[in-house]
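Trainee: Structure below; questions to follow.
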Amino acid sequence: MSSVIQLNSISIKNETNCGYCNGGKSNKLWVTSGFYCYKMKVDEYQQLMDRGWRRCGVYYYRPALAQSCCQAYALRVVASKFQLRLTHEKVLKRIMRIKPVVLDNNNVPLQQEQKDQIQNNAITDLIKQQIQTDLDLSDLIILPKVGQQYTFKSIQYKEEDHIKYFKYIIINTLQKITKQQLNQTFAIEKEEHSNLLYQNFINSISELQIYEILLIKGYLNKVESDWVFGCNLIPYIYSKITTILKNLNLTFLKLEENNKYIELIQNQLLNLGFDFKISEQDHQLLIKTPQTLKEKILKSNVLYYLQKFDFQSNHPQETQTKKHHQIQIKWVKAQFQDDSFEVYKKYQKSVHDKERVSKMSYINFVCVDALDSQELGCWHMKYYLENQLIAVGVVDLLPQSVSSVYFFYDPDYKKYSLGVYGVLSEIEYIQKKQISSPQLQYYYMGFYIMDSKKMAYKAEYTPCELLCPRTYRWVSLTKQIKEKIEKITVYVQDVGLVDQREQENGQNMNIDRCTIDDMSFLDVDIENFIQQNVKISQAGKQFTISQLKKNYQQYFMNLFKDFLKKIGQELMKEFLFAIN
């Protein structure tokens, strides 16, 4: 039975906001072609992937590289030749040390062994009295090393939240400075100069960075300085402004001499929601440690002494044997299961900041087995640690490959890099399966986008191949190919490009000049091909395009012409196009 394509769902050009760059590259959008198919034959989906397509549930889509903001190339790994990197080996060693996590009454993750160690510890009460601050059980986790130095990143608090808080208030405050105030400060007279100066000032504000200026060591009851965060907004913005003034041949003072500018910034920052001062030496903005953060620093010192006491007093001669916990993988045909859904909700909230996730959206995304096969098709790889589900990998098993669909994990285990472990496990499955199924060769990872942090990591799994979007041949991702893709990426960011100009100037995406026969249409009478081979179905009856009403024939002919060039001749013959 043929795969049934919903004819009314075929879209040749679908423009949406980009989930990779969020419109940050140009005013282009993410452009795809797509269609719905509720049951796709596995060998036909394999062919689709070799034409640059992917699926999301029962929706199949292919990015349009020339028209899209991001350049997405289909990527696969040659599993039989896969080479572990040093970073992969470190993840595997980390997984060897993984420990089950339990939750205390406040839903705070605690390692069970550590929780048992610090309960009823006599020194805990003593240190509580000494530092005179509230401590709860979740703060008293014994650290793995004695005498280590503590930066803010090693303390259990979200540093990013404080930095975002500082930036939000500073930017909002400085944006209230008017164009007239800047004109008076820099003695600007011409309107065009004024507009240029003001726009440059606003842009510079958004680029400011908050940074740490202090390293805290583990000394009890001692914080070396209250001024912990810094921001170079005064000299940075001034350097931006003076560069503009210099280009306009306008005179300007040095920063130290321009009291009007310094006073303007200082007066604007008078009512910030936190304590700050401006350094007299280099005019840096110094930010005082919030009280909540200071408490966390004190608590980190407690950890140092707890551990030192534990090793020196409780276990002076004892050599502890490490227990390695083993992750077990259970394979389940794609379906809804409560434990997977709970992990998915936690993952979406922690990683993607989604407070509410509907059961139906989850089912449509990863639980629908869209491929027509009992043994192959969509499966869930469920990762268990001592009967606790910690991660789920969603994969499509195909005759020649395994395709990674999605991977999600319990955020309490974030430090173990479970995403990397999932990729390595899926590649290992292929390698083991090749003994009985030698045709199983490749691991499809979706799309590779060179300048996207979310997608560029895929090139770290080598050897890998990219699908040439012109010839539909798989080409090894070498340094030379990366350089070519980089040039193409720069080229297509010119938002003024249109298809005609692309043909004239050449986008040079043709990595290999010989197109595969199935995607070559030079000697094909396309209209006759469609008339002879395209099967259309409605209410259980099949038609050719010539049997449709005349006023529909031209519309469907144009649609099929475009669609044929995106899927190839073989699939066009195999698919059945259903009219609802």
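Trainee: What residue, of N580, N505, is surrounded by fewer than 16 Cβ atoms within 10 Å (Cβ to Cβ), modelled with pLDDT under 85 and closer than 30 Å to S2 by Cα?
Mentor: When all the criteria are applied, what remains is N580.
Trainee: Oh, and also: Report the residue count in segment 521-535 for those that are farther than 23 Å from S3 by Cβ and under 42 Å from the mean Cα position of the chain (by Cα).
Mentor: So the answer is 1.
Trainee: How many residues are within 24 Å of the chain's Cα centre (by Cα) and over 22 Å from A72 (Cα atoms) when one looks only at segment 428-460?
Mentor: Residues meeting the conditions: 1.
Trainee: Looking at Y38, Y73, which is the one that is closer than 28 Å to G377 by Cβ, under 25 Å from the mean Cα position of the chain (by Cα) and not charged (D, E, K, R)?
Mentor: Unique residue meeting the criteria: Y73.
Trainee: Condition first: in a helix (DSSP H, G or I), over 43 Å from the mean Cα position of the chain (by Cα) and of a type in the set (S, T, N, Q). Now tell me which residues in segment 250-268 satisfy that.
Mentor: Within segment 250-268, N259 is the sole residue that qualifies.
Trainee: Show the residue pairs meeting these rules: Cβ distance below 9 Å; 6+ apart or different chains; first residue within segment 472-488 and outside the structural domain of M49 (by TED's automatic domain parsing); second residue of a type in the set (K, R) and surrounded by 17 or more Cβ atoms within 10 Å (Cβ to Cβ).
Mentor: Taking only residues 6 or more apart or on different chains, the pairs are Y472/R51; W474/R76.
Trainee: Scan segment 448-470 for residues that are among the β-branched types (V, I, T) and surrounded by 17 or more Cβ atoms within 10 Å (Cβ to Cβ) and jot them down.
Mentor: If the condition is that a residue be among the β-branched types (V, I, T) and surrounded by 17 or more Cβ atoms within 10 Å (Cβ to Cβ), then I449 is the only one that fits.
To keep it simple, each residue is scored yes or no on (1) in a loop (DSSP other than H, G, I, E, B); (2) in contact with a Lys or Arg (Cβ under 9 Å, 6 or more places away or on another chain); (3) at pLDDT 90 or above.
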{"position": "N14", "(1), (2), (3)": "no, no, yes"}
{"position": "G23", "(1), (2), (3)": "yes, no, no"}
{"position": "S33", "(1), (2), (3)": "no, yes, yes"}
{"position": "A66", "(1), (2), (3)": "yes, no, no"}
{"position": "T87", "(1), (2), (3)": "no, no, yes"}
{"position": "V91", "(1), (2), (3)": "no, no, yes"}
{"position": "I95", "(1), (2), (3)": "no, no, yes"}
{"position": "D116", "(1), (2), (3)": "no, no, no"}
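Trainee: Out of the residues in segment 518-529 that are touching a residue at least 24 places away in the same chain (Cβ under 8 Å) and of a type in the set (D, E), state the one that is surrounded by the fewest Cβ atoms within 10 Å (Cβ to Cβ).
Mentor: E527
Trainee: For R51, only one of the following conditions fails: (1) under 23 Å from I545 (Cβ atoms); (2) of a type in the set (K, R); (3) surrounded by fewer than 15 Cβ atoms within 10 Å (Cβ to Cβ). What is its number?
Mentor: Only one criterion in (1) under 23 Å from I545 (Cβ atoms); (2) of a type in the set (K, R); (3) surrounded by fewer than 15 Cβ atoms within 10 Å (Cβ to Cβ) is unmet by R51, namely (3).
Trainee: Can you tell me which of Y383, Y347 is touching a Pro at 6+ places or on another chain (Cβ under 7 Å) and either modelled with pLDDT of 95 or more or closer than 24 Å to M1 by Cα (or both)?
Mentor: When all the criteria are applied, what remains is Y347.
Trainee: All but one of (1) within 25 Å of R51 (Cα to Cα); (2) free of Cβ contacts under 8 Å to residues at least 12 places away in the same chain; (3) not in a helix (DSSP H, G or I) hold for I435, so report the exception by its number.
Mentor: Answer for I435: the failing condition is (1).
Trainee: Take the residues in segment 536-558 that are buried (at least 17 other Cβ atoms within 10 Å of the Cβ) and within 43 Å of the chain's Cα centre (by Cα), then tell me which one is farthest from C468 (Cα to Cα).
Mentor: Result: I536.
Trainee: Related question: Can you tell me which residue in segment 394-453 is farthest from H88 (Cα to Cα), limited to those that are basic (K, R) and out of contact with any Lys or Arg (no Cβ under 9 Å at 6 or more places or on another chain)?
Mentor: Across segment 394-453, the extreme among qualifying residues is K433.
Trainee: Output the number of residues of segment 266-275 satisfying the condition of being closer than 12 Å to K176 by Cβ and in contact (Cβ under 8 Å) with a residue 12 or more places away in the chain.
Mentor: 3
The values are calculated or read from the model by the stated rules, or taken from the named source; none is laboratory data. Computed from a predicted structure; not experimentally measured. Cβ: placed from backbone, ideal geometry, glycine included. Neighbour counts: every protein chain shown.
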